[in-house]
Amino acid sequence: MALVPTGVAARDLGVNATTLQRWAKAGLVKPALVTPGGHLRWDLDNLRAQLRDARLSDDD
């Protein structure tokens with residue numbers, strides 16, 4: 001599993017890094033890892049799945 005920093009994950013999703021950090025802080029998505037320094041690391045496949053699941057839940 002290759003983990004990427006927030007900037008890379010955000011760029012992959014087409015959103016701003018601040019947006020992804022805000023989603024994580026709100027509990028909408030969960031990073032794969034938080035470093036001892038507080039940096040978020042993401043598994044892109046898992047992140048996309050979390051966002052897909054969140055969209056499906058909103059439609060209910």
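Remarks
- Selection status of Leu40, surrounded by 16 or more Cβ atoms within 10 Å (Cβ to Cβ), in contact (Cβ under 8 Å) with a residue 40 or more places away in the chain and not basic (Lys, Arg): no
- Qualifying residue in the stretch 44-60 (condition: on the phi < 0 side of the Ramachandran plot, assigned to a loop (DSSP other than H, G, I, E, B) and surrounded by 14 or more Cβ atoms within 10 Å (Cβ to Cβ)): no
- Among (1) assigned to a helix (DSSP H, G or I); (2) touching a strand residue (DSSP E or B) at 6+ places or on another chain (Cβ under 8 Å) - the single one Arg41 does not satisfy: (1)
- Residue in the stretch 8-22 that is nearest to Ala49 (Cα to Cα), counting only those that are more than 10 Å from the chain's Cα centre (by Cα) and in a helix (DSSP H, G or I): Asp12
No lab work stands behind these numbers, since they all come straight from the coordinates. Here the structure is a predicted model, which is why all the values come from computation and not from measurement. Backbone-built Cβ (ideal geometry, glycine too); neighbour counts: all protein chains shown.
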